[in-house]
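Trainee: Below is a structure I'd like to ask you about.
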Amino acid sequence: MDDRNSKVWEATLTPHRSLSREGFYVLMGLVIAVNLVVAGMFVALGAWPIGGFAGLDVLLVWWAFRVNFADARKLERISITEHELVLDRMSEKRPPEQKRFVRRWVRVELEEDRERELIGSLVLVSGRTRVAVGEFLAPEERRTLAQALRSALAIPRI
């Protein structure tokens, strides 16, 4: 970027994950231990095929967490400069994506149902282009981001 288009506001969005890698190892250890005990009991009772199914449980839990950790590496960066809004998206499974909008034509829309106190998608709108942002954020985080984006876009001159 050139000096005339220097950054004035930036937000980096990432999904929240409450389980760390160490917590994952502890949890998997517990799942394996419980499955070994259950499988051992069934094998001792003569129902040896159940032991293999207990191993499938471990594989399914491991696969689910692997998908979860891959989703945690998503990233969205919103930069607002004097003349434009730039949305960068990075994901492990897709190539980086960048969308650019003319700042004065961007609207921030947040779908809200005030009657039922529900918050839906946060969308950047410019002409006929609609791009949802922060889909992995909690509803209150989307509301806060919408307010911050509106405030940043409302700054008349930098």
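Trainee: How big, in percent, is the set of alpha carbon pairs in region 72-158 lying more than 20 Å apart?
Mentor: 36 percent
Trainee: Starting at 0 and stepping by 5 Å, how many percent of the alpha carbon pairs of region 26-102 end up in each bin?
Mentor: Per 5 Å bin, starting at 0, the Cα pair percentages come out as 3, 14, 15, 12, 9, 8, 7, 7, 7, 6, 5, 4, 2, 1, 0.
Trainee: Helix check for the chain. Which DSSP H runs span at least 15 Å along their own axis by Cα, with a mean Kyte-Doolittle hydropathy no less than 0.0?
Mentor: 21-44, 49-71
Trainee: Can you tell me the dipole magnitude for the chain around its Cα centre, using point charges on the Cβ only (Lys, Arg +1; Asp, Glu -1), in Debye to the nearest 20?
Mentor: 520 debye
Trainee: Right, next: Tell me which residues come under 5 Å, amide H to amide H, from residue 120 once H is placed; ignore anything under 5 positions away on its chain.
Mentor: Amide H neighbours of residue 120: 111, 112, 113.
Trainee: Which one of 72, 146, 47 has the biggest mean-square fluctuation once the chain is modelled by GNM with Cα springs under 10 Å?
Mentor: It is 47.
Trainee: What number comes out for accessible area per residue over the chain if the probe is 1.4 Å? Units Å², please.
Mentor: 69 Å²
Trainee: Separate question: Using just the helices of the chain, give the 222 nm mean residue ellipticity in deg cm²/dmol: DSSP H runs with n ≥ 4 each add -39,500 (n - 2.57), and the total is spread over all residues, rounded to 500.
Mentor: Value at 222 nm, helices only: -14000 deg cm²/dmol.
Trainee: Okay, moving on. Residue separation times 0.36 nm, minus the C-alpha to C-alpha distance between residue 50 and residue 66: what's the value?
Mentor: Between residue 50 and residue 66, full extension yields 3.3 nm more.
Trainee: Okay, moving on. Can you grab the distance from the C-alpha centre of region 8-67 to the C-alpha centre of region 132-146, Å, no decimals?
Mentor: Measuring centre to centre over Cα atoms gives 30 Å.
Trainee: Further question: Would you work out which of 36, 25, 50 lies farthest towards the positive end of the dipole of the chain? Charges go on Cβ: Lys and Arg +1, Asp and Glu -1.
Mentor: My answer, from the dipole projection, is 25.
The values are calculated or read from the model by the stated rules, or taken from the named source; none is laboratory data. Please read these numbers as outputs of a predicted model, since none were measured by experiment. Cβ sites come from the backbone with ideal geometry, for glycine too, and all protein chains shown count toward neighbours. To get the accessible areas, we keep the full protein, side chains included, count just its heavy atoms, and leave off ligands, DNA and RNA. Shrake-Rupley method; radii C 1.70, N 1.55, O 1.52, S 1.80 Å.
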